[in-house]
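*Asks:* Structure in structure tokens, see below.
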Ligand code: SF4
Ligand code: SF4
């Protein structure tokens with residue numbers, strides 16, 4: 001510092017968006033990216049059917065948990081109806097509030113369409129599962145294929161809207177130069193794909209049945225998405241070199257003056273590289289593919305961390321006072337409790353669906369086709385968790 | 001067109017030239033993130049503040065009176081005077097620099113179009129206000145303001161900020177900070193009235209007035225006289241207050257930092 005300036009007195013405010021925001025952005029990205037991974041299978045690609053089964057489970061559960069996390073990030077959650085009473089077409093957040101419910105309902109409807117097919121076989125059962133199946137399937141008609149295809153395409157269209165709005169909402173904020181870049185949109189999407197691919201790998205390990213096509217598909221998806229993310233980051237930096245771009249300038253300033261930011265960048269780069277190499281290694285060495293679930297975990301970690309850095313860490317960079325805000329995540333509901341709570345809710349939702357819905361039999365799968373065997377999936381799922 | 005607006009034409013033009021290099025961003029912002037029409041307030045007026053830094057003694061009388069007048073929560077401020085130690089480039093001596101900060105009641109306020117429920121809006125007299133009954137506490141506006149002029153009020157759980165004390169202006173009173181300013185550094189008034197003190201001072205000191213972060217294109221309407229260039233943007237400063245360590249060598253936290 002050539003011109004010595006010492007800040008003696010300045011207010012320093014806590015962050016305004018809590019970890020709930022990270023949970024929302026993480027869950028919603030998993031939801032739309034999982035839908036994209038389910039799309040080829042839903043539209044009929046044979047080698048993607050198994051992938052689509054896992055991806056639909058991921059998409060449906062994250063799409064339900066995401067809005068809950070979003071609501072929790074409001075300081076006045078009970079006033080959420082104001083969004084609909086005072087629609088504001090010039091605000092990205094308002095536009096998002098209008099796009100979110102149709103997207104969530106479309107995903108639920110899509111899951112219902114593909115899951116009611118294997119559920120039909122349970123209608124004859126006399127137990128609780130049979131009762132639920134009779135209620136949920138709404139008649140014994142076969143799901144028409146055109147309906148699945150049409151709804152899948154419509155939901156895909158809605159998912160593009162969600163991807164664009166979640167990115168734009170943050171990218172237009174000039175007050176935080178690090179967010180103020182169009183490259184944030186593709187960044188959210190590609191890291192979302194990394195996470196969704198990882199989620200499918202993980203689900204296929206713990207919820208089975210394991211499927212060689214799924215492992216291969218997802219290893220490709222995750223490595224391609226990781227390379228794409230690196231490309232996006234590179235473009236962002238290159239743009240910063242040619243255009244007077246305050247986003248890159250702000251990033252460089254942060255990294256130069258803060259050890260934490262240097263560690264964070266190094267960690268992101270390291271994990272990303274390891275992830276890509278891991279995928280390629282497993283693609284090359286087929287016998288080792290049983291380890292894909294580890295790649296899945298790392299992928300989920302990277303997708304989550306990307307959002308934590310963008311949404312939380314960036315808020316610690318002061319807007320007009322010196323230094324950085326020392327943000328420590330509290331234990332309360334606006335801290336770790338919120339993070340753990342969202343994940344807990346998500347896992348509970350997966351377990352409930354696993355228990356009540358023979359989702360493995362969807363899209364021509366086999367597991368749900370035997371109505372006489374007692375399919376105690378919850379126990380099976382729980383056992384392989386450990 | 002008032003003088004103050006003309007002052008920023010150059011800056012705006014420069015900003016526009018820069019933005020045109022990122023066409024995608026510009027398109028997105030023009031289509032959606034646009035300023036909505038202003039509502040309420042006196043359309044004939046344009047309130048603004050001029051702060052004569054040469055007269056500010058850093059006594060924080062404005063900070064305290066604002067806090068009392070507007071019932072802000074502990075540790076959060078609608079206005080506060082930042083204090084810096086700076087070296088004098090000519091003599092090399094250290095001196096103290098005071099910078100009163102508050103909402104700039106920008107002419108192009110980024111906090112307004114982001115609000116998803118139109119709780120934050122700009123009056124026709126230029127004052128930016130929050131309807132606390134409507135605000136959902138999403139804090140989007142807090143993120144959008146480049147000046148940290150907004151915060152979430154812990155008591156109301158809604159967005160809070162300086163309003164130029166509209167309630168006092170309407171009653172024919174001066175804002176609490178202006179009223180209490182010991183050195184008479186804060187001048188508020190109507191820029192549309194050529195006879196107002198602020199209009200005369202803007203005319204007189206035209207070339208010397210500065211605003212904060214002009215490159216953001218927000219067109220702030222709090223003008224500083226006697227401004228040190230180093231503080232127009234986020235100052236490259238050593239944050240001494242946050243670097244005081246206790247006996248256990250842990251950073252001593254600001255006593256209200258938990259809020
Ligand atoms: S200073 Fe901040 S809060 Fe005030 S009008 Fe400008 S952007 Fe809005
Ligand atoms: S916190 Fe309130 S005033 Fe600010 S953007 Fe959200 S709803 Fe609007």
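The values are calculated or read from the model by the stated rules, or taken from the named source; none is laboratory data. Note that the structure is predicted; figures quoted are calculated from it, not measured. Backbone-built Cβ (ideal geometry, glycine too); neighbour counts: all protein chains shown.
*Asks:* Can you tell me how many residues within the stretch B:119-155 are more than 10 Å from ligand 2 (Cβ to nearest atom) and over 22 Å from residue B:101 (Cα atoms)?
*Replies:* The number of residues fulfilling the criteria is 3.
*Asks:* Residue under question is residue A:80, and the condition is that it be within 14 Å of chain B (Cβ to nearest Cβ) and farther than 18 Å from residue A:154 by Cα; does it hold?
*Replies:* Values: within 14 Å of chain B (Cβ to nearest Cβ): yes; farther than 18 Å from residue A:154 by Cα: yes.
Judged against the criteria, residue A:80 is a match.
*Asks:* Here is a follow-up. Check B:221, B:167 and return the single one that is within 16 Å of ligand 1 (Cβ to nearest atom) and away from chain A (no Cβ under 13 Å). Let's see the steps before the verdict.
*Replies:* Values: B:167 fails: within 16 Å of ligand 1 (Cβ to nearest atom).
The unique qualifying residue is B:221.
*Asks:* If a residue must be surrounded by 20 or more Cβ atoms within 10 Å (Cβ to Cβ) and away from ligand 1 (no atom under 13 Å from the Cβ), how many such residues does the stretch B:153-164 contain?
*Replies:* Selection size over the stretch B:153-164: 2.
*Asks:* Scan the stretch A:82-100 and report the pairs whose first residue is outside the structural domain of residue A:24 (by TED's automatic domain parsing) and away from ligand 1 (no atom under 16 Å from the Cβ) and whose second residue is outside any helix (DSSP H, G or I) and modelled with pLDDT under 95, with Cβ atoms within less than 6 Å and a gap of 6+ or a chain change.
*Replies:* Listed pairs, sorted by first residue: none to list.
*Asks:* Test of understanding: among B:144, B:119, which residue is within 11 Å of chain A (Cβ to nearest Cβ) and more than 10 Å from ligand 1 (Cβ to nearest atom)?
*Replies:* Details: B:144 fails: more than 10 Å from ligand 1 (Cβ to nearest atom).
It is B:119.
*Asks:* Examine the stretch B:74-81 for a residue that is over 18 Å from the mean Cα position of the chain (by Cα), farther than 15 Å from residue B:145 by Cα and away from ligand 2 (no atom under 16 Å from the Cβ), and state whether such a residue exists.
*Replies:* Of all residues in the stretch B:74-81, those over 18 Å from the mean Cα position of the chain (by Cα) come to B:74.
So of that shortlist, the ones also farther than 15 Å from residue B:145 by Cα come out as B:74.
Filter once more, so that each one left must be away from ligand 2 (no atom under 16 Å from the Cβ): B:74.
Yes: one or more hits.
*Asks:* Only one residue in B:75, B:126, B:137 is in a loop (DSSP other than H, G, I, E, B), in the same structural domain as residue B:223 (by TED's automatic domain parsing) and within 14 Å of ligand 1 (Cβ to nearest atom), so which one is that?
*Replies:* Details: B:75 fails: within 14 Å of ligand 1 (Cβ to nearest atom); B:137 fails: within 14 Å of ligand 1 (Cβ to nearest atom).
Every option except B:126 fails the conditions.
*Asks:* Is it the case that the stretch B:90-103 has a residue that's in contact with a helix residue (DSSP H, G or I) (Cβ under 9 Å, 6 or more places away or on another chain) and more than 16 Å from ligand 1 (Cβ to nearest atom)?
*Replies:* First, pick out the residues of the stretch B:90-103 that are in contact with a helix residue (DSSP H, G or I) (Cβ under 9 Å, 6 or more places away or on another chain): B:97-100, B:102-103.
Still in the list and also more than 16 Å from ligand 1 (Cβ to nearest atom): B:97-98.
Yes; the residues of the stretch B:90-103 include at least one that is in contact with a helix residue (DSSP H, G or I) (Cβ under 9 Å, 6 or more places away or on another chain) and more than 16 Å from ligand 1 (Cβ to nearest atom).
*Asks:* Among the residues of the stretch B:82-118 satisfying the criterion of being in contact with a strand residue (DSSP E or B) (Cβ under 6 Å, 6 or more places away or on another chain) and in a loop (DSSP other than H, G, I, E, B), which is nearest to ligand 2 (Cβ to nearest atom)?
*Replies:* B:109
*Asks:* Quick one: residue B:130 ticks every box in (1) surrounded by fewer than 24 Cβ atoms within 10 Å (Cβ to Cβ); (2) within 10 Å of chain A (Cβ to nearest Cβ); (3) touching a strand residue (DSSP E or B) at 6+ places or on another chain (Cβ under 8 Å) except a single one, so which number is it?
*Replies:* (2)
*Asks:* In the set A:74, A:70, A:9, A:43, which member is surrounded by fewer than 24 Cβ atoms within 10 Å (Cβ to Cβ), within 30 Å of residue A:207 (Cβ to Cβ) and within 14 Å of chain B (Cβ to nearest Cβ)? Let's see the steps before the verdict.
*Replies:* Numbers: A:74 fails: within 30 Å of residue A:207 (Cβ to Cβ); A:9 fails: within 30 Å of residue A:207 (Cβ to Cβ); A:43 fails: within 14 Å of chain B (Cβ to nearest Cβ).
Going through A:74, A:70, A:9, A:43 in turn, the sole match is A:70.
*Asks:* Taking the stretch A:151-167 on its own, how many of its residues are buried (at least 17 other Cβ atoms within 10 Å of the Cβ) and farther than 17 Å from residue A:113 by Cα? Let's see the steps before the verdict.
*Replies:* Just the residues of the stretch A:151-167 that are buried (at least 17 other Cβ atoms within 10 Å of the Cβ), to begin with: A:151-152, A:155-156, A:158-159, A:161-167.
Imposing the further condition that a residue be farther than 17 Å from residue A:113 by Cα reduces the set to A:158-159, A:161-167.
Total satisfying the criteria: 9.
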